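Trainee: The structure under discussion is supplied below as structure tokens; questions concerning it will follow.
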Amino acid sequence: MKKLILFGPPGAGKGTFSSQIRKVLPDIIHISTGDIFRENLKNETPLGLKAKGYMDKGELVPDDVTIEMVRDRLTREDVKAEGFILDGFPRTISQAKALTNITEVDLLLLLEVPRDLIMKRILGRYACPNCNKLYNKYTLPPKVEGICDACGSEIKFEQRSDDNEETLKNRLDAYEKNAKPIIKYYKKMGILKKVNAENTLKFTEKDIKEILNI
Ligand code: ADP
Ligand code: ZN
């Protein structure tokens, strides 16, 4: 049973790395605060309505709302039995301190990716309009240019409107500013572990076990 935090900039590949961890720990509960907020927004729950304005502007939802939501999730029986991967939380130092009062944590995995690769991953991503298969202009193009590998449809690279270079630089700067004190906090606790995340898809089960100390 493991209690993990996945930490890293946008584009670090937290989702991919979570799937890798689940190959070794299939029952661990993946808790993504972004996913929970989006789900609540879609279902128009009271929590979703509280979070909406902030999410629309790309701002953080206030700590008290976010912390209560995470506390509620972390104190359920499935999490107590199987452990958790926290993804997207803590994002502020107050969230980190609140988390210490909610539960123990075994490891914070800091996913490290060079900035130029993050830019390529995010600015180059696109999907097949027909089957939604994901591609990347720089790192993962289709086998035949302009044709989807999966369904054979014609595809062409189109940038998402919120993925331009300027806004991405701002997001990365904001991440680094917030991340510093959080990284320091967990380093002092002695549970910080850096992971080179340039190519997590190449990790074997043995690599993952080594990272998780199991
Ligand atoms: P992104 O990488 O686009 O920020 P997320 O999926 O992690 O995506 O989060 C989506 C939105 O949910 C954020 O922009 C923010 O409004 C809210 N959110 C997620 N996690 C937190 C958190 N720990 N604290 C505050 N707000 C959060
Ligand atoms: Zn396709």
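The values are calculated or read from the model by the stated rules, or taken from the named source; none is laboratory data. The shown structure was predicted, so the numbers you read here are calculated from the model rather than taken from an experiment. Here the Cβ is made from the backbone with ideal geometry for all residues, glycine too, and neighbour counts use every protein chain on show.
Trainee: Residues that are more than 23 Å from Val79 (Cβ to Cβ), at least 3 per element: which helices (runs of 4 or more DSSP H) completely within segment 1-57 meet that?
Mentor: By residue number, 46-56.
Trainee: Let me ask something additional. Consider Glu104 against the criteria (1) over 19 Å from the mean Cα position of the chain (by Cα); (2) surrounded by 17 or more Cβ atoms within 10 Å (Cβ to Cβ): it satisfies all of them except one. Which criterion is unmet?
Mentor: (2)
Trainee: If you check Val70 against the conditions, is it assigned by TED's automatic domain parsing to the domain that holds Lys206, modelled with pLDDT of 95 or more and surrounded by 17 or more Cβ atoms within 10 Å (Cβ to Cβ)?
Mentor: Spelling it out, Val70 is indeed assigned by TED's automatic domain parsing to the domain that holds Lys206, modelled with pLDDT of 95 or more and surrounded by 17 or more Cβ atoms within 10 Å (Cβ to Cβ).
Trainee: Now for a separate question. Could you tell me whether Phe84 is under 11 Å from the mean Cα position of the chain (by Cα) and either away from ligand 1 (no atom under 12 Å from the Cβ) or closer than 26 Å to Val195 by Cβ (or both)?
Mentor: no
Trainee: Give the residues of segment 62-103 that are in a helix (DSSP H, G or I) and either of a type in the set (S, T, N, Q) or within 16 Å of ligand 2 (Cβ to nearest atom) (or both), sorted by residue number.
Mentor: Once the filter is applied, which keeps residues that are in a helix (DSSP H, G or I) and either of a type in the set (S, T, N, Q) or within 16 Å of ligand 2 (Cβ to nearest atom) (or both), segment 62-103 yields Thr66, Ser94, Gln95, Thr100, Asn101.
Trainee: Follow-up question, since we're still on this one. Which condition breaks for Gly58 when tested against (1) in contact (Cβ under 8 Å) with a residue 60 or more places away in the chain; (2) crowded, with 17+ Cβ neighbours inside 10 Å?
Mentor: (2)
Trainee: Something else: For segment 104-114, name all the residues that are in a loop (DSSP other than H, G, I, E, B) and among the charged types (D, E, K, R).
Mentor: Glu104, Asp106
Trainee: Something else about it: Quick check on this structure: which one of Lys188, Lys120 is surrounded by fewer than 15 Cβ atoms within 10 Å (Cβ to Cβ) and either modelled with pLDDT of 95 or more or among the basic types (Lys, Arg) (or both)?
Mentor: Among Lys188, Lys120, only Lys188 is surrounded by fewer than 15 Cβ atoms within 10 Å (Cβ to Cβ) and either modelled with pLDDT of 95 or more or among the basic types (Lys, Arg) (or both).
Trainee: Please pick out the residue among Lys202, Lys143, Lys209 that is away from ligand 1 (no atom under 16 Å from the Cβ), among the charged types (D, E, K, R) and surrounded by 12 or more Cβ atoms within 10 Å (Cβ to Cβ).
Mentor: Lys209
Trainee: Which numbered condition trips up Ile208, out of (1) more than 30 Å from Lys97 (Cα to Cα); (2) of a type in the set (A, V, I, L, M); (3) modelled with pLDDT of 90 or more?
Mentor: Unmet condition: (1).
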